[in-house]
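What follows is a set of notes on a single structure, which appears directly below.
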Amino acid sequence: MCYSMADCLFCKLVNNEIPSLSVYEDDDTIAFMELYPSAPGHVMVILKKHGNNILEYSQRELGILMASVQKVTEKIEKALEPDAITIGINHKERRGVPHLHIHLIPRWENDKGGIIQSVVNNPPKEKREVIAEKIRNASV
Ligand SMILES: [Zn+2]
């Protein structure tokens, strides 16, 4: 997919070209309220530098992102006292904004949500051992 930073919704947000409800910000990251929240306190955390997915950032940058996720997780826990928080990335999901973002979705008993494994129901046709061998042998 070809997508320029100039078109990127989250880059516009970082550059204050569109408004956002931020809840945390530092030199490299910003956390803001999801526009279409799945739950009260649904927040997204991004690196200010544009990148489509985790493969487009360095390990150092991803570490910085996860440090912010940790801070915002703690803030959400203190502010809203959820039972749990689902933390997730839709890697290369075409329906989302193509700027890496981590969803933090506060969870409460009986919120009609499932655990993260429940977002897909596509049981493998090959044995797990065969698939494991393919992944293990992939060169990166
Ligand atoms: Zn962007």
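The values are calculated or read from the model by the stated rules, or taken from the named source; none is laboratory data. No experiment lies behind these values; they were computed from the predicted model shown. Cβ: placed from backbone, ideal geometry, glycine included. Neighbour counts: every protein chain shown.
Laid out as a table, the results:
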| item | result |
| --- | --- |
| Answer residue from the stretch 60-110, given it is over 20 Å from GLU25 (Cα atoms) and among the polar types (S, T, N, Q) and is surrounded by the most Cβ atoms within 10 Å (Cβ to Cβ) among those | THR86 |
| Conditions (1) within 16 Å of the ligand (Cβ to nearest atom); (2) closer than 26 Å to VAL140 by Cα; (3) among the small types (Gly, Ala, Ser); number of the one not met by SER22 | (2) |
| Condition met for LEU55 (of a type in the set (A, V, I, L, M), surrounded by fewer than 14 Cβ atoms within 10 Å (Cβ to Cβ), within 16 Å of the ligand (Cβ to nearest atom) and within 24 Å of CYS11 (Cβ to Cβ)) | yes |
| Scan of the stretch 99-113 for residues that are within 29 Å of GLY63 (Cβ to Cβ) and either more than 16 Å from the ligand (Cβ to nearest atom) or assigned to a strand (DSSP E or B) (or both), ordered by number | HIS101, ILE102, HIS103, LEU104, ILE105, PRO106, ARG107, GLY113 |
| Selection from the stretch 1-18 of residues that are modelled with pLDDT of 90 or more and either more than 9 Å from the ligand (Cβ to nearest atom) or touching a helix residue (DSSP H, G or I) at 6+ places or on another chain (Cβ under 8 Å) (or both) | CYS11, ASN15, ASN16, GLU17, ILE18 |
| Sole exception among (1) more than 16 Å from the ligand (Cβ to nearest atom); (2) within 14 Å of the chain's Cα centre (by Cα); (3) free of Cβ contacts under 8 Å to residues at least 12 places away in the same chain for ILE116, by number | (3) |
| Scope the stretch 32-50; condition surrounded by fewer than 18 Cβ atoms within 10 Å (Cβ to Cβ) and either closer than 16 Å to ILE105 by Cα or not basic (Lys, Arg) (or both); matching residues | MET33, GLU34, LEU35, TYR36, PRO37, SER38, PRO40 |
| Failed criterion for GLY96 (all others in (1) assigned to a helix (DSSP H, G or I); (2) within 14 Å of the ligand (Cβ to nearest atom); (3) under 16 Å from the mean Cα position of the chain (by Cα) hold) | (1) |
| Conditions (1) without any contact (Cβ under 8 Å) to a residue 40 or more places away in the chain; (2) among the β-branched types (Val, Ile, Thr); (3) over 13 Å from LEU104 (Cβ atoms): number failed by THR29 | (3) |
| The one condition in (1) in a loop (DSSP other than H, G, I, E, B); (2) modelled with pLDDT of 95 or more; (3) of a type in the set (Phe, Trp, Tyr) that PHE32 fails to fulfil | (1) |
| Matching option when the condition is touching a residue at least 40 places away in the same chain (Cβ under 8 Å) and of a type in the set (Asp, Glu), among GLU34, GLU61 | GLU34 |
